[in-house]
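Working notes for the structure below.
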Amino acid sequence: MLVPTYERKEVAMRILNIVTSPRRERSASTAIVDSFLFAYQKKVKGLVVDTLDVWAESLPEFDGERGEEASDGTGKAVLKAMAGDPLA
């Protein structure tokens, strides 16, 4: 009788780090995540961290509840929404 043998494959772990703070390097939450990921990469062999910085990406701006593109191009509507301020 043949006994099956199993070979354990190393599978790289991937983490998606989404940077959402407009404060960039002044952000305490970003500093905490960066510190954790740095330490975690030392412990987990083959860990791959992909980072998406929403402030560096070319995303459409919005204006108020209508979902229309902002006319002034400053992105203030995005910051207001993040702060919980009324958009009107």
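The values are calculated or read from the model by the stated rules, or taken from the named source; none is laboratory data. What you see is a predicted model; the values in this text were computed from it and never measured. Backbone-built Cβ (ideal geometry, glycine too); neighbour counts: all protein chains shown.
Scanning segment 7-22 for residues being exposed (fewer than 12 other Cβ atoms within 10 Å of the Cβ) and either at pLDDT below 90 or over 16 Å from Gly46 (Cα atoms) (or both) gives a total of 7. With the structure loaded, tell me whether Ser58 is of a type in the set (Ser, Thr, Tyr) and at pLDDT 85 or above or whether it fails that test. The answer is no for Ser58. Yes or no: segment 25-36 includes at least one residue that is part of a loop (DSSP other than H, G, I, E, B) and modelled with pLDDT under 90. Within segment 25-36 (the criterion being part of a loop (DSSP other than H, G, I, E, B) and modelled with pLDDT under 90), the answer is no, since none of the residues qualifies. Close contacts from segment 21-37, counting a first residue that is more than 15 Å from Thr51 (Cβ to Cβ) and a second that is among the aliphatic types (A, V, I, L, M) and in a helix (DSSP H, G or I), with Cβ to Cβ under 9 Å and a gap of 6+ residues or different chains, come to Pro22/Val78; Pro22/Leu79; Pro22/Met82.
Evaluation of Val78 against the conditions (1) at pLDDT below 85; (2) surrounded by fewer than 10 Cβ atoms within 10 Å (Cβ to Cβ) shows that the sole unmet condition is (2).
Can we say Leu2 is in contact with a helix residue (DSSP H, G or I) (Cβ under 7 Å, 6 or more places away or on another chain), of a type in the set (A, V, I, L, M) and at pLDDT below 90? Criteria not met by Leu2.
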